[in-house]
Amino acid sequence: MTTTAQAATQTPIIAIRNLQKSFGTNQVLTDINLDVDKGEVVCVIGPSGSGKSTMLRCINTLETPTGGSIVVDGMDMTDLDLDIDAARTRIGMVFQSFNLFGHLTVRENLTIAQTKVLRRSKAEANKVAEANLAKVGLSEKMEAKPGSLSGGQQQRVAIARALSMDPDVMLFDEPTSALDPETVGDVLQVMRNLAEAGMTMVVVTHEMEFARQVADRVVFMDGGVVVESGPAKDVIGNPQEQRTKDFLSRVL
Ligand code: ADP
Ligand code: MG
């Protein structure tokens, strides 16, 4: 198949249509439309309060949309009959605050959902955990408690934990914003490797250099809508909309 024919027939792995979300009278997402293809890396940028986290949280049903639809790999995430737990295992999420279980070892953090949710055997779960901890460069920390690790190391463990569920897509919500500057680089490198390995990723980030180098597409959100979207060289390098220009002049 030619590239053009492939593009024409490919169904997006994430399809967001007319997504709306209100909290009471506060309409946070007005009308979001976004397609993400398999293997694509989309970086979402925009000012604080523009609805970036809310959009990510709608994708994996941590929030219930008040309008529109979200289909992830054929699953209608707004279908009330959806098996939410099963659907969520297909979508890995990494938060700003790593959300590791502090009383458990890294090994236990990486295996608990595999055995409890995916019903993998202990042996299998351990094998998967070891492979993913190696991917993030922390094999020697398998028996450590999260509290003994740096923020960047904890975030890499959180990424390994998400990967251990074999997700189809990975969502990242400002994964490096809470980190000491010296540990940010290692986390971004892990994400870069994931992108190169073909993982489908939606990354909310303020790391413009990362977006420039890794994103296939950059989406600028403001006030609950996608204001501008396209290749990084256009959206970051040559923005067309005034709101995008204003935002970039503040962060670059
Ligand atoms: P961003 O991630 O771009 O900073 P958010 O999606 O976190 O933006 O927030 C967008 C708006 O939605 C903010 O005004 C915030 O106060 C509001 N909001 C987010 N989550 C909730 C919630 N659970 N309840 C009420 N308001 C919320
Ligand atoms: Mg946010």
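In this simple spin-label model, placing a label point 7 Å from the Cα along the Cα-to-Cβ direction at both D31 and A144 gives a separation of 4.9 nm. 3J(HN,Hα) along the stretch 182-199: 6, 9, 5, x, 5, 5, 5, 5, 4, 5, 4, 4, 4, 4, 5, 6, x, 5 Hz, from the Karplus curve 6.51 cos²θ - 1.76 cosθ + 1.60 with θ = phi - 60°, whole Hz, x for Gly and Pro. Just how many % of Cα pairs in the stretch 86-207 lie over 26 Å apart, if you round to the nearest whole percent? Here the tail beyond 26 Å accounts for 12 percent of pairs.
Can you tally the net charge around Q189? Count Lys and Arg as +1, Asp and Glu as -1, for every other residue whose Cβ sits under 14 Å from the Cβ of Q189.
-2
Comparing D37, D81, D234 in a Gaussian network model of the chain where C-alpha atoms under 10 Å apart are linked, the largest mean-square fluctuation is found at D81.
This ranking places D173, D166 by how few other beta-carbon atoms lie within 10 Å of each, fewest first, which gives D166, D173.
Each Cα pair of the stretch 148-196 feeds into the Kirkwood radius, which the Stokes-Einstein equation turns, at 4 °C and 1.567 mPa s, into a diffusion coefficient of 116 µm²/s. Principal axis extents of the Cα atoms in the chain, from largest to smallest and rounded to whole angstrom, are 51, 48, 44. Farthest toward the positive end of the dipole of the stretch 84-142, out of I112, T89, A131, is the Cα of T89, where the dipole comes from beta carbon charges about the Cα centre.
Ordered by the number of other Cβ atoms lying within 10 Å of each residue's own Cβ, fewest first, T78, T25, T54 fall into the sequence T25, T78, T54. A straight Cα-to-Cα reach below 19 Å connects K127 with the aspartates and glutamates E108, E140, E143, D166, residues fewer than 8 places away in its own chain not being considered. For the stretch 106-150 versus the stretch 210-239, the spacing of their alpha-carbon centroids is 34 Å. Since only G67, T25, L80 are under comparison, the one whose Cα sits farthest along the positive direction of the charge dipole of the stretch 2-117, derived from C-beta charges on Lys, Arg, Asp and Glu, is T25.
Of the residues R250, R17, the one with the fewest other Cβ atoms within 10 Å heads the list, and the complete ranking is R250, R17.
Calculate how large, on average over all directions, the projected area of the Cα convex hull of the stretch 204-252 is; give the answer in nm² to one decimal. Let's see the in-between values first.
On the way: hull surface 12.3 nm².
It is 3.1 nm².
Computed across the stretch 43-82, the Kirkwood radius stands at 11.1 Å (inverse of mean 1/r, all Cα pairs).
Read the figures in this text as sums done on the coordinates, not as results from a lab. All figures in this text were calculated on a predicted structure; none of them were measured in a lab. Glycine gets a Cβ as well: all are built from the backbone with ideal geometry, and neighbour counts include every protein chain shown.
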